[in-house]
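Below: one structure, written as structure tokens.
The values are calculated or read from the model by the stated rules, or taken from the named source; none is laboratory data. Nothing here was measured: the structure is a model prediction, and the numbers come from that model. Ideal geometry is used to build each Cβ from the backbone, glycine not excepted, and the neighbour counts take in all protein chains shown. Remember, those area values only see protein heavy atoms, side chains included, never the ligands or the DNA or RNA. Shrake-Rupley method; radii C 1.70, N 1.55, O 1.52, S 1.80 Å.
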Amino acid sequence: MCYAIPARVIKIEERFATVEYFGQKRKVLKDLLDFDIGDYVYVQAGMAIRKIPHLQAQSILKTWKVLFSKLKNQDESLINKSYSGLRLSKPYDAIIKKIDEKRRLSVTDYLYLLNGVSSDEGKFSQQLANRIRNKYIDNSCCIHGIIEISNYCVRDCLYCGIRKSNKKLKRYRLKLNQILEAVDYAVNSRGFKVLVLQAGEDAYYTKARVLEIIRKIRQKYAVLIFLSLGERSESDYQAFFDAGVRGALLRFESANPKIYSALRPEKKLEDRLKLIKSLKNIGYLVATGFLVGLPNETDTDILNNIKLTKKLKPEMYSFGPLIPHLDTPLASLKKIRLAKMLRVISLARIIDKKSRILVTTATETLAKPAKEKALSAGANSLMINVTPIDFRRLYDIYPNRRSRNIKVETQIARSLKLLYRLGRAPTDIGAQ
Ligand code: 5AD
């Protein structure tokens, strides 16, 4: 719901415009909206999406100005706190020195950060990652909404609870008017500016049906749409882009082709990566990432997952722990611990300093204070589930998903409370 801050347009070029907030300038894409110099606009993910009347913009800015500097101070004070008292070994110190001096780390160094660290060193890495986040991309934290429109799936991924072979699961598909109602509520009543529409790979959603949904949303709502509908042809994705979709969420799941094929019957990593690259070529903002804790996965695999995500230059990192589902072949797998997940998050931040890293619901599901810990270990984005509550428990990709029973208002109130406590601004102003 990102309380985007109204930005004033100060310059217009062909495809771009320059906008300004509190004296900071940003370049934004202007192809989704018509506007003039002097107008106020909301910007999401580098795109102007909605005009705001002058008076309203000025009053929002006035309120924001005070809160904004308060949050920045709070973030600063947390960043500068609590470094002392941690016991660090010599080899760890040597790695930290390399990071401080911006020297290249070796694979051994990275693996040490993933697996060799003591609990104190793990904490130190989290704080370091938090400082890097503050230094390179400041204190903004996006909050996107997600609507799970269908749990039908033609795939049989071994880890996933909505795989086609799970005959125990009751399937659902939201009707167009139910989707529009959910969008209306999210955008008009709750102020979301980015919404992800997610489903299994559901053959019902032909290109024409998806286009109809997109057009209806675009007719009425100034919202940035992300699609998370799995693998589809490049021409489908091109058509969705032409209809105004600008984001796609598609994880590559694992950078190890053997692990990938073992878990996704009949599927090849190569094809998935080709698709992700085509999405980028079309112009999509791509959120991508991987699962942590897959069978036969090593720490080198995890490191390669982070490196591959970086190489794909994503709009957002989306990775989370595999949470074994009882009605899948991976039922008896052990899930990873939160401490490990935090190491992965902080390493991702150390490796890709300016990135946007999402605290995924699966990470939140691992343990209760996970959201706060992840945000304090380098993460800087949240997702709120705005699927109508009766359907949420049926989108059962893994068990006991956090927030599946919690009303949207409550999820928002809790997230805002947490962000304010941590000194994070629920906006979309990345540093540039
Ligand atoms: N645990 C955690 N994440 C899962 N996903 C699928 N099954 C599980 C599970 N059991 C993730 C996949 C997919 C995303 C939509 O959900 O990474 O890309």
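Filter region 395-415 for residues that are closer than 29 Å to Leu71 by Cβ and over 17 Å from the mean Cα position of the chain (by Cα) and give the result. If the condition is that a residue be closer than 29 Å to Leu71 by Cβ and over 17 Å from the mean Cα position of the chain (by Cα), then Ile406, Lys407, Val408, Glu409, Thr410, Ala413, Arg414 are the ones that fit. If you go through region 152-165 and keep only what is closer than 19 Å to Arg401 by Cβ and away from the ligand (no atom under 11 Å from the Cβ), you end up with just Tyr152. Regarding region 23-42, can at least one residue be identified that is among the small types (Gly, Ala, Ser) and in contact with a Leu (Cβ under 9 Å, 6 or more places away or on another chain)? For region 23-42, residues among the small types (Gly, Ala, Ser) and in contact with a Leu (Cβ under 9 Å, 6 or more places away or on another chain): absent.
The residue that is modelled with the lowest pLDDT, counting only those in region 417-430 that are crowded, with 21+ Cβ neighbours inside 10 Å and either over 18 Å from the mean Cα position of the chain (by Cα) or among the β-branched types (Val, Ile, Thr) (or both), is Ile429. Would you mention how many residues in region 183-221 are over 20 Å from the mean Cα position of the chain (by Cα) and more than 26 Å from Ile276 (Cβ to Cβ)? Residues that pass the stated criteria total 8.
Take region 247-273 and flag every residue that is open to solvent by less than 20 Å² (accessible area, probe 1.4 Å) and under 28 Å from Asp31 (Cβ atoms).
Correct list: Gly247, Ala248, Leu250, Phe252, Arg272.
Out of Val196, Val187, one residue alone is out of contact with any Ser or Thr (no Cβ under 7 Å at 6 or more places or on another chain) and β-branched (Val, Ile, Thr). It is Val187. Do we have any residue at all in region 330-349 that's over 25 Å from Lys123 (Cβ atoms) and in contact (Cβ under 8 Å) with a residue 12 or more places away in the chain? Yes, region 330-349 contains a residue that is over 25 Å from Lys123 (Cβ atoms) and in contact (Cβ under 8 Å) with a residue 12 or more places away in the chain. Scan region 147-172 for residues that are open to solvent by 20 Å² or more (accessible area, probe 1.4 Å) and either outside any loop (DSSP other than H, G, I, E, B) or under 24 Å from Ser254 (Cα atoms) (or both) and the total you get is 11.
Among the conditions (1) farther than 24 Å from Val28 by Cα; (2) out of contact with any Gly (no Cβ under 9 Å at 6 or more places or on another chain), the only one that Ala222 does not satisfy is (1). Looking only at region 105-127, count how many residues are surrounded by 20 or more Cβ atoms within 10 Å (Cβ to Cβ) and either at positive phi or part of a loop (DSSP other than H, G, I, E, B) (or both). Going through region 105-127 one residue at a time, the tally reaches 1.
Of all the criteria given as (1) touching a strand residue (DSSP E or B) at 6+ places or on another chain (Cβ under 6 Å); (2) more than 16 Å from the ligand (Cβ to nearest atom); (3) of a type outside the set (Asp, Glu); (4) in a loop (DSSP other than H, G, I, E, B), the one not satisfied by Ile179 is (4). Give me the residue from region 32-70 that is of a type in the set (Gly, Ala, Ser) and open to solvent by 40 Å² or more (accessible area, probe 1.4 Å) and, out of that set, farthest from Thr427 (Cα to Cα). Top of the filtered list is Ser59.
The numbered conditions (1) open to solvent by less than 80 Å² (accessible area, probe 1.4 Å); (2) touching a Gly at 6+ places or on another chain (Cβ under 9 Å) are all true for Pro6 except (2). State which residue is nearest to the chain's Cα centre (by Cα) when the search covers only region 289-337 and only residues that are over 13 Å from Leu114 (Cβ atoms) and among the polar types (S, T, N, Q). Within region 289-337, the match that is nearest to the chain's Cα centre (by Cα) is Ser318. Between Arg414, Arg404, the distinction of being surrounded by fewer than 20 Cβ atoms within 10 Å (Cβ to Cβ), modelled with pLDDT under 95 and within 16 Å of the ligand (Cβ to nearest atom) belongs to Arg404 only.
If you go through region 295-340 and keep only what is surrounded by 22 or more Cβ atoms within 10 Å (Cβ to Cβ), near the ligand (Cβ under 10 Å from one of its atoms) and closer than 24 Å to Leu273 by Cβ, you end up with Ser318, Phe319, Gly320, Pro321, Leu322. If you check Lys102, Lys27, Lys11 for being within 25 Å of the chain's Cα centre (by Cα), open to solvent by 60 Å² or more (accessible area, probe 1.4 Å) and not acidic (Asp, Glu), only one passes: Lys27. For region 182-193, the condition holds for no residue, the condition being that it is within 21 Å of Met383 (Cβ to Cβ) and within 16 Å of the ligand (Cβ to nearest atom). Search region 363-375 for residues being open to solvent by 10 Å² or more (accessible area, probe 1.4 Å) and under 15 Å from the mean Cα position of the chain (by Cα), and hand back the single one that is nearest to the ligand (Cβ to nearest atom). Selected residue: Glu364. Among the residues of region 223-236, those that are away from the ligand (no atom under 16 Å from the Cβ) and under 20 Å from the mean Cα position of the chain (by Cα) comprise Val223, Leu224, Ile225. Annotation for region 379-398: at least one member residue is among the basic types (Lys, Arg) and within 29 Å of Met47 (Cβ to Cβ).
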